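What follows is a single structure, written as C-alpha coordinates, with notes after it.
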Amino acid sequence: MPDHLLAVTGASGALGRLVVDRLLALVPAARVLAVVRDPATVADLAERGVGVRRGDYDRPETLDFTGVERLLLISSPVLDDGTRARQHRAVIAAAEDARLLVYTSFLGADRDAGAHHDTEAALRERPHTILRNPFYTDAFVQTGAELTSGTGGRGLNTATRADLAAAAAAVLVAAAGHEGRAYDLTGPLWTFPAVAAALHVAHREQAPAGPMGYLHGLAAAGRLERQTGDLELLLGRAPTGAVEAFRAARR
Ligand SMILES: NC(=O)c1ccc[n+]([C@@H]2O[C@H](COP(=O)([O-])OP(=O)(O)OC[C@H]3O[C@@H](n4cnc5c(N)ncnc54)[C@H](OP(=O)(O)O)[C@@H]3O)[C@@H](O)[C@H]2O)c1
(Lines give C-alpha, C1' and ligand atoms only; values in the text may rest on other atoms or scores of the structure.)
Protein backbone atom coordinates (compact mmCIF):
# COMPACT_ATOMS: atom_id res chain seq x y z
CA MET A 1 0.00 0.00 0.00
CA PRO A 2 1.40 3.48 -0.77
CA ASP A 3 2.18 5.69 2.21
CA HIS A 4 -1.16 6.84 3.50
CA LEU A 5 -0.88 7.44 7.24
CA LEU A 6 -1.54 10.78 8.92
CA ALA A 7 0.76 10.74 11.96
CA VAL A 8 0.61 12.96 15.04
CA THR A 9 3.50 13.18 17.49
CA GLY A 10 2.75 14.29 21.06
CA ALA A 11 -0.57 12.49 20.59
CA SER A 12 -0.86 11.84 24.33
CA GLY A 13 -0.74 15.56 25.08
CA ALA A 14 -3.59 18.04 25.34
CA LEU A 15 -3.23 19.41 21.80
CA GLY A 16 -2.33 16.06 20.22
CA ARG A 17 -5.42 14.36 21.65
CA LEU A 18 -7.63 17.11 20.24
CA VAL A 19 -5.97 16.75 16.81
CA VAL A 20 -6.51 12.97 16.81
CA ASP A 21 -10.15 13.47 17.86
CA ARG A 22 -10.67 15.86 14.99
CA LEU A 23 -8.92 13.54 12.51
CA LEU A 24 -11.24 10.71 13.55
CA ALA A 25 -14.18 12.86 12.43
CA LEU A 26 -12.57 13.38 9.02
CA VAL A 27 -10.83 10.13 7.98
CA PRO A 28 -11.03 6.42 8.88
CA ALA A 29 -9.23 5.56 12.13
CA ALA A 30 -6.95 3.17 10.21
CA ARG A 31 -5.33 6.20 8.52
CA VAL A 32 -4.42 7.85 11.84
CA LEU A 33 -1.16 7.10 13.64
CA ALA A 34 -0.49 8.34 17.18
CA VAL A 35 3.23 8.61 17.96
CA VAL A 36 3.88 8.57 21.70
CA ARG A 37 6.57 7.78 24.24
CA ASP A 38 4.35 5.35 26.11
CA PRO A 39 1.54 3.55 24.22
CA ALA A 40 -0.28 2.91 27.52
CA THR A 41 -1.12 6.65 27.65
CA VAL A 42 -3.26 6.33 24.51
CA ALA A 43 -4.82 2.90 25.03
CA ASP A 44 -8.21 4.55 24.50
CA LEU A 45 -7.13 5.71 21.03
CA ALA A 46 -5.94 2.22 20.10
CA GLU A 47 -9.37 0.95 21.14
CA ARG A 48 -10.89 3.39 18.69
CA GLY A 49 -8.80 1.88 15.88
CA VAL A 50 -5.99 4.45 15.80
CA GLY A 51 -2.54 3.05 15.07
CA VAL A 52 -0.08 3.62 17.90
CA ARG A 53 3.70 3.69 17.54
CA ARG A 54 6.33 4.34 20.14
CA GLY A 55 8.55 7.34 19.38
CA ASP A 56 10.74 9.42 21.68
CA TYR A 57 12.23 12.70 20.42
CA ASP A 58 15.26 11.99 22.61
CA ARG A 59 15.91 8.55 21.10
CA PRO A 60 16.18 8.84 17.31
CA GLU A 61 16.38 5.04 16.98
CA THR A 62 12.77 4.82 18.18
CA LEU A 63 11.45 7.21 15.50
CA ASP A 64 9.94 5.18 12.65
CA PHE A 65 7.62 6.93 10.24
CA THR A 66 7.30 4.10 7.71
CA GLY A 67 4.02 4.43 5.81
CA VAL A 68 3.50 8.05 6.88
CA GLU A 69 2.27 10.38 4.16
CA ARG A 70 1.87 13.49 6.32
CA LEU A 71 3.21 14.14 9.78
CA LEU A 72 2.18 16.68 12.39
CA LEU A 73 5.21 17.38 14.58
CA ILE A 74 3.87 18.83 17.82
CA SER A 75 6.63 20.86 19.38
CA SER A 76 8.35 19.43 22.44
CA PRO A 77 7.44 20.89 25.85
CA VAL A 78 11.13 21.03 26.83
CA LEU A 79 12.13 24.64 27.58
CA ASP A 80 15.84 24.43 26.77
CA ASP A 81 16.18 25.69 23.19
CA GLY A 82 19.16 23.53 22.27
CA THR A 83 17.51 20.31 23.47
CA ARG A 84 14.19 21.20 21.92
CA ALA A 85 15.68 22.03 18.51
CA ARG A 86 17.71 18.79 18.56
CA GLN A 87 14.56 16.80 19.36
CA HIS A 88 12.67 18.39 16.47
CA ARG A 89 15.55 17.85 14.05
CA ALA A 90 15.57 14.15 15.00
CA VAL A 91 11.90 13.86 14.03
CA ILE A 92 12.41 15.77 10.76
CA ALA A 93 15.34 13.52 9.83
CA ALA A 94 13.41 10.35 10.66
CA ALA A 95 10.41 11.43 8.58
CA GLU A 96 12.48 11.75 5.41
CA ASP A 97 9.88 9.94 3.27
CA ALA A 98 6.84 11.92 4.45
CA ARG A 99 5.25 14.02 1.75
CA LEU A 100 4.33 16.84 4.15
CA LEU A 101 5.68 17.88 7.56
CA VAL A 102 3.35 20.12 9.52
CA TYR A 103 4.83 21.83 12.58
CA THR A 104 3.29 23.63 15.56
CA SER A 105 5.53 26.68 15.80
CA PHE A 106 4.85 29.88 17.71
CA LEU A 107 3.84 33.39 16.63
CA GLY A 108 6.93 35.48 15.93
CA ALA A 109 9.24 32.48 15.42
CA ASP A 110 10.11 33.77 11.95
CA ARG A 111 11.83 36.74 13.66
CA ASP A 112 12.72 35.55 17.16
CA ALA A 113 15.72 33.28 17.70
CA GLY A 114 15.08 29.98 19.47
CA ALA A 115 14.03 26.38 18.94
CA HIS A 116 10.97 27.25 16.85
CA HIS A 117 13.09 29.49 14.59
CA ASP A 118 15.71 26.75 14.15
CA THR A 119 13.05 24.11 13.50
CA GLU A 120 11.41 26.30 10.87
CA ALA A 121 14.80 26.62 9.15
CA ALA A 122 15.24 22.82 9.13
CA LEU A 123 11.74 22.39 7.73
CA ARG A 124 12.46 24.69 4.81
CA GLU A 125 14.59 21.90 3.32
CA ARG A 126 11.51 19.65 3.25
CA PRO A 127 7.88 19.83 2.06
CA HIS A 128 6.33 21.62 5.01
CA THR A 129 3.55 23.72 6.49
CA ILE A 130 4.23 25.89 9.53
CA LEU A 131 1.45 26.64 12.00
CA ARG A 132 2.55 29.50 14.24
CA ASN A 133 0.25 29.12 17.23
CA PRO A 134 -0.58 31.93 19.66
CA PHE A 135 -0.86 31.31 23.41
CA TYR A 136 -3.74 29.02 24.32
CA THR A 137 -6.88 30.77 25.58
CA ASP A 138 -7.31 27.72 27.84
CA ALA A 139 -4.35 28.85 29.96
CA PHE A 140 -5.95 32.25 30.65
CA VAL A 141 -9.43 31.01 31.53
CA GLN A 142 -10.57 31.67 35.11
CA THR A 143 -13.55 30.11 36.82
CA GLY A 144 -13.67 32.18 40.03
CA ALA A 145 -16.35 34.63 41.16
CA GLU A 146 -14.30 37.56 39.80
CA LEU A 147 -11.64 37.89 37.12
CA THR A 148 -8.20 39.22 37.96
CA SER A 149 -5.54 40.14 35.45
CA GLY A 150 -2.33 42.05 35.05
CA THR A 151 -3.01 42.91 31.44
CA GLY A 152 -3.90 46.59 31.89
CA GLY A 153 -7.00 45.97 29.80
CA ARG A 154 -4.91 45.36 26.68
CA GLY A 155 -5.92 42.85 24.00
CA LEU A 156 -5.04 39.15 23.80
CA ASN A 157 -4.93 37.24 20.51
CA THR A 158 -5.07 33.79 22.09
CA ALA A 159 -6.91 30.85 20.50
CA THR A 160 -8.42 27.74 22.02
CA ARG A 161 -6.46 24.51 21.84
CA ALA A 162 -9.51 22.94 20.20
CA ASP A 163 -9.49 25.49 17.36
CA LEU A 164 -5.72 25.16 16.86
CA ALA A 165 -6.16 21.38 16.78
CA ALA A 166 -8.97 21.66 14.23
CA ALA A 167 -6.77 23.89 12.05
CA ALA A 168 -3.89 21.39 12.22
CA ALA A 169 -6.22 18.51 11.35
CA ALA A 170 -7.62 20.48 8.41
CA VAL A 171 -4.10 20.97 7.01
CA LEU A 172 -3.25 17.28 7.52
CA VAL A 173 -6.29 16.03 5.60
CA ALA A 174 -6.31 18.67 2.83
CA ALA A 175 -5.50 17.29 -0.60
CA ALA A 176 -3.29 20.26 -1.47
CA GLY A 177 -2.79 23.96 -1.00
CA HIS A 178 -0.76 24.21 2.20
CA GLU A 179 2.72 23.10 1.16
CA GLY A 180 5.36 25.79 1.66
CA ARG A 181 2.95 27.97 3.61
CA ALA A 182 3.37 29.46 7.09
CA TYR A 183 0.23 30.51 8.95
CA ASP A 184 0.24 33.07 11.76
CA LEU A 185 -2.70 31.88 13.81
CA THR A 186 -4.51 34.30 16.10
CA GLY A 187 -7.86 34.18 17.83
CA PRO A 188 -10.27 37.11 18.02
CA LEU A 189 -8.82 39.89 20.18
CA TRP A 190 -10.27 39.99 23.70
CA THR A 191 -9.67 41.78 26.98
CA PHE A 192 -10.23 40.72 30.58
CA PRO A 193 -12.53 43.68 31.40
CA ALA A 194 -14.71 42.96 28.35
CA VAL A 195 -14.97 39.24 29.18
CA ALA A 196 -15.80 40.08 32.80
CA ALA A 197 -18.56 42.42 31.61
CA ALA A 198 -19.97 39.75 29.27
CA LEU A 199 -19.96 37.22 32.12
CA HIS A 200 -21.47 39.76 34.57
CA VAL A 201 -18.60 39.33 37.03
CA ALA A 202 -16.18 41.88 38.49
CA HIS A 203 -12.69 42.46 37.11
CA ARG A 204 -9.77 43.47 39.28
CA GLU A 205 -6.33 44.49 38.02
CA GLN A 206 -3.89 42.18 39.84
CA ALA A 207 -1.13 40.29 38.10
CA PRO A 208 -0.97 36.55 38.85
CA ALA A 209 2.22 35.09 40.31
CA GLY A 210 4.53 32.78 38.39
CA PRO A 211 4.60 32.06 34.67
CA MET A 212 1.07 33.38 34.11
CA GLY A 213 2.24 36.72 35.50
CA TYR A 214 4.83 36.83 32.72
CA LEU A 215 2.16 36.14 30.09
CA HIS A 216 -0.13 38.82 31.52
CA GLY A 217 2.84 41.20 31.38
CA LEU A 218 3.32 40.48 27.69
CA ALA A 219 -0.33 41.37 27.14
CA ALA A 220 0.03 44.56 29.22
CA ALA A 221 2.95 45.55 26.97
CA GLY A 222 0.69 45.19 23.93
CA ARG A 223 2.67 42.20 22.66
CA LEU A 224 -0.37 39.95 22.11
CA GLU A 225 -2.48 42.26 19.98
CA ARG A 226 -1.46 41.20 16.50
CA GLN A 227 -4.35 39.93 14.40
CA THR A 228 -4.42 37.86 11.21
CA GLY A 229 -7.15 36.01 9.32
CA ASP A 230 -5.14 32.78 9.05
CA LEU A 231 -6.93 30.76 11.74
CA GLU A 232 -10.34 31.64 10.32
CA LEU A 233 -9.04 30.70 6.86
CA LEU A 234 -7.95 27.22 8.01
CA LEU A 235 -11.09 26.63 10.10
CA GLY A 236 -13.52 27.92 7.48
CA ARG A 237 -15.36 29.68 10.32
CA ALA A 238 -14.76 32.32 12.94
CA PRO A 239 -12.43 31.09 15.72
CA THR A 240 -13.93 30.57 19.18
CA GLY A 241 -14.03 33.76 21.23
CA ALA A 242 -12.76 34.09 24.78
CA VAL A 243 -16.23 34.68 26.25
CA GLU A 244 -17.35 31.32 24.87
CA ALA A 245 -14.19 29.62 26.19
CA PHE A 246 -14.65 31.13 29.67
CA ARG A 247 -18.35 30.14 29.65
CA ALA A 248 -17.54 26.56 28.63
CA ALA A 249 -15.00 26.22 31.44
CA ARG A 250 -17.40 27.71 34.02
CA ARG A 251 -20.28 25.38 33.11
N1 LIG B 1 0.72 27.95 22.50
C2 LIG B 1 0.78 27.80 23.81
O3 LIG B 1 0.17 28.54 24.61
C4 LIG B 1 1.60 26.68 24.38
C5 LIG B 1 1.63 26.47 25.75
C6 LIG B 1 2.37 25.41 26.23
C7 LIG B 1 3.07 24.60 25.37
N8 LIG B 1 3.01 24.83 24.02
C9 LIG B 1 3.73 23.97 23.05
O10 LIG B 1 2.75 23.22 22.36
C11 LIG B 1 2.99 21.82 22.56
C12 LIG B 1 1.66 21.09 22.66
O13 LIG B 1 0.91 21.64 23.72
P14 LIG B 1 0.11 20.69 24.71
O15 LIG B 1 -0.78 21.57 25.47
O16 LIG B 1 -0.42 19.52 23.98
O17 LIG B 1 1.31 20.18 25.68
P18 LIG B 1 1.32 18.86 26.56
O19 LIG B 1 -0.06 18.48 26.96
O20 LIG B 1 2.34 19.07 27.62
O21 LIG B 1 1.84 17.71 25.56
C22 LIG B 1 3.19 17.59 25.23
C23 LIG B 1 3.35 16.29 24.44
O24 LIG B 1 4.73 16.14 24.10
C25 LIG B 1 5.08 14.80 24.36
N26 LIG B 1 6.51 14.67 24.61
C27 LIG B 1 7.24 15.26 25.60
N28 LIG B 1 8.51 14.88 25.50
C29 LIG B 1 8.60 14.02 24.44
C30 LIG B 1 9.65 13.28 23.86
N31 LIG B 1 10.90 13.32 24.35
N32 LIG B 1 9.38 12.49 22.81
C33 LIG B 1 8.11 12.42 22.30
N34 LIG B 1 7.07 13.11 22.80
C35 LIG B 1 7.33 13.88 23.88
C36 LIG B 1 4.29 14.44 25.61
O37 LIG B 1 4.26 13.04 25.73
P38 LIG B 1 4.16 12.28 27.15
O39 LIG B 1 2.69 11.97 27.32
O40 LIG B 1 4.96 11.03 26.93
O41 LIG B 1 4.72 13.17 28.21
C42 LIG B 1 2.94 15.04 25.23
O43 LIG B 1 2.24 14.21 24.36
C44 LIG B 1 3.86 21.75 23.81
O45 LIG B 1 4.65 20.57 23.81
C46 LIG B 1 4.69 23.01 23.69
O47 LIG B 1 5.78 22.83 22.79
C48 LIG B 1 2.29 25.83 23.52
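The values are calculated or read from the model by the stated rules, or taken from the named source; none is laboratory data. Treat the numbers as computed from the prediction; the structure is a model and nothing was measured. No Cβ is skipped: glycine too gets one built from the backbone with ideal geometry, and neighbour counts run over all protein chains shown. Side chains included, ligands, DNA and RNA excluded: accessible areas come from the protein's heavy atoms. Shrake-Rupley method; radii C 1.70, N 1.55, O 1.52, S 1.80 Å.
Points worth noting:
- Residue that is surrounded by the fewest Cβ atoms within 10 Å (Cβ to Cβ) [pool: residues in the range 142-175 that are within 23 Å of residue 14 (Cα to Cα) and polar (S, T, N, Q)]: 143
- Test result for residue 34, within 12 Å of the ligand (Cβ to nearest atom) and in contact with a helix residue (DSSP H, G or I) (Cβ under 6 Å, 6 or more places away or on another chain): yes
- Any hit, the range 221-231, residues being under 23 Å from the mean Cα position of the chain (by Cα), assigned to a helix (DSSP H, G or I) and over 29 Å from residue 145 (Cβ atoms): yes
- From the list 22, 84, the one residue that fits, being within 14 Å of the ligand (Cβ to nearest atom), open to solvent by 30 Å² or more (accessible area, probe 1.4 Å) and touching a residue at least 40 places away in the same chain (Cβ under 8 Å), is 22.
- The range 92-128 - residue that is over 17 Å from residue 82 (Cβ atoms) and out of contact with any strand residue (DSSP E or B) (no Cβ under 8 Å at 6 or more places or on another chain) and, of those, surrounded by the most Cβ atoms within 10 Å (Cβ to Cβ): 94
- Residues of the range 42-77 satisfying the condition of being without any contact (Cβ under 8 Å) to a residue 12 or more places away in the chain and either within 10 Å of the ligand (Cβ to nearest atom) or among the charged types (D, E, K, R) (or both): 44, 47, 59, 61, 62
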